[in-house]
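The values are calculated or read from the model by the stated rules, or taken from the named source; none is laboratory data. Since the model is a prediction, treat every value here as computed from it, not as a measurement. Cβ placement follows ideal geometry from the backbone for every residue including glycine, while neighbour counts extend to all protein chains displayed.
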Amino acid sequence: MSIDGLSWQRLLASKLPLPNLRALLAKGVAGPLTTVFPSQTWPAHASLLTGGWPARHGALANHIYDRDTERNVDVWTLPRDEAMSMDTLFDAAHRRGVRTANVLWPLTGKAAGLDWNLPEVYGGRAFRRQSSRGALRQLADVGLPTDRMHRLSYEEAFELDSFSRDAAVHLLTGSAAKRPGLLLFHLLSLDTLSHRYGPDSRPASWALELCDRYLGQVLSAWRAAGGGPVVVTSDHGFTQVSDGLAYRLLERNAKLNKAQRAALRLVPNGHALFLYAKSGPVGAAALAKVKAFLAQDERLDTWMEGRAMQRHHLGDPKQDPRLPDAIALLKPNVLIWGTRTRSRERKPIWKGNHGYLPTLPELQGVFIAQGRPFRARQRVKGMHVIEVAPTLARALGWPLRGTVDGKVRGDVVHARHATPRAP
């Protein structure tokens with residue numbers, strides 16, 4: 001289970017009544033979870049399932065620019081095989097004959113390793129095309145509004161989580177033959193309301209209480225159905241926003257001419273602004289002007305090119321055309337703001353953000369595992385999202401194929417599960 005946007009720092013400091021999360025914390029093995037860069041939903045969830053860095057699995061950020069089609073791409077619109085290339089935990093379980101199911105986990109569209117699948121895909125046609133037909137019919141038959149799924153996320157965030165909760169509970173309490181041995185489950189309202197009102201706001205606190213309640217209801221159904229161990233994770237935490245940078249004004253402020261504007265594409269990813277320049281002197285000049293302009297702006301934290309991206313496990317821009325030529329990383333309190341006007345800066349309406357370097361404490365996510373084969377009543381330190389999949393795969397006997405970047409954490413699983421099982 002993934003609670004999007006839940007930070008370890010915030011969970012420990014919270015005085016909210018969170019009985020289900022606190023029970024898991026008390027009984028299981030738990031600790032802070034370092035995420036990837038940029039600290040965003042899609043690359044982090046891909047790493048959680050594969051054990052790979054973004055450079056290896058291919059989900060580089062929430063948004064990229066396709067140089068071939070000359071269009072910005074929202075990664076969540078892509079089917080799994082187009083978005084990421086590595087073997088996943090659900091593929092490994094499926095090969096072992098385990099029935100697999102998914103409720104809104106990112107990057108799972110049209111996934112062959114999922115027997116019952118409701119991927120997190122926005123847009124009515126795309127959602128229907130990438131979901132399991134049987135799953136949509138099954139939920140429609142019991143009255144859930146599958147035809148409105150693509151609208152729920154644009155209205156009230158809790159409606160989407162309510163749908164997810166009902167879908168998961170229905171699946172777990174229905175026909176025994178269709179009950180999964182592996183269930184992926186993703187809650188979104190905490191992320192949505194932390195963006196809109198700030199991570200310490202009352203709406204965000206209410207969303208966390210709501211997620212805990214829904215978590216408890218799904219856990220009850222899971223356990224009643226004879227389910228096994230439980231793992232709760234999150235993809236990233238949040239920073240508080242106090243300033244913004246309107247990226248649509250950069251072309252004017254950096255004094256780009258018409259040709260230079262046409263040669264540069266700006267793609268925001270949380271705190272990280274991806275800059276794609278067309279090859280040749282015009283694109284190079286446009287990039288240099290923006291770099292010089294931002295160098296004088298106190299809102300800029302770091303300018304990344306080439307090897308800097310490789311150090312953050314995004315890969316080599318010379319080898320991967322999906323990577324930008326440069327990344328302008330803003331300070332943690334600054335939101336990249338997509339104002340529609342090119343005439344002036346406007347104050348951001350969002351109050352919380354993520355996308356900054358994962359070393360920031362408030363951006364650390366959560367890892368909790370409870371039940372055999374996991375250790376009990378322990379805290380772990382220094383865990384990374386790329387270590388989750390290989391650790392679970394080893395503990396559950398579902399070997400992953402191919403090269404995996406993360407290591408198995410022996411302090412999470414009992415000793416007898418920390419070494420490879422005999423074939």
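Looking only at segment 49-65, filter to residues that are aliphatic (A, V, I, L, M) and closer than 20 Å to L323 by Cβ; which one of those is surrounded by the fewest Cβ atoms within 10 Å (Cβ to Cβ)?
Checked segment 49-65; the qualifying residue surrounded by the fewest Cβ atoms within 10 Å (Cβ to Cβ) is A55.
Suppose the filter is part of a helix (DSSP H, G or I), of a type in the set (A, V, I, L, M) and at pLDDT below 95; does L160 pass it?
yes
Restricting to segment 267-282, give me the number of residues that are free of Cβ contacts under 8 Å to residues at least 24 places away in the same chain and either under 15 Å from G338 (Cα atoms) or among the small types (G, A, S) (or both).
2
If you take just the helices (runs of 4 or more DSSP H) that sit entirely in segment 1-92, which of them hold at least 2 residues that are without any contact (Cβ under 8 Å) to a residue 40 or more places away in the chain and under 28 Å from R165 (Cβ atoms)?
8-13, 19-27
Is it the case that some residue within segment 272-292 is surrounded by fewer than 19 Cβ atoms within 10 Å (Cβ to Cβ), within 26 Å of V75 (Cα to Cα) and touching a Lys or Arg at 6+ places or on another chain (Cβ under 6 Å)?
The answer is no; no qualifying residue exists.
Among the residues of segment 1-48, write down those that are surrounded by fewer than 21 Cβ atoms within 10 Å (Cβ to Cβ) and in contact with a Gly (Cβ under 6 Å, 6 or more places away or on another chain).
N20, the sole residue that qualifies.
Checking L287 against (1) under 28 Å from N333 (Cβ atoms); (2) in a loop (DSSP other than H, G, I, E, B), only one condition comes out false. Which one?
L287 satisfies all of (1) under 28 Å from N333 (Cβ atoms); (2) in a loop (DSSP other than H, G, I, E, B) except (2).
Residue by residue through segment 176-195, note down the ones that are within 15 Å of L6 (Cα to Cα) and in a helix (DSSP H, G or I).
Passing the criteria: S189, L190, D191, T192, L193, S194, H195.
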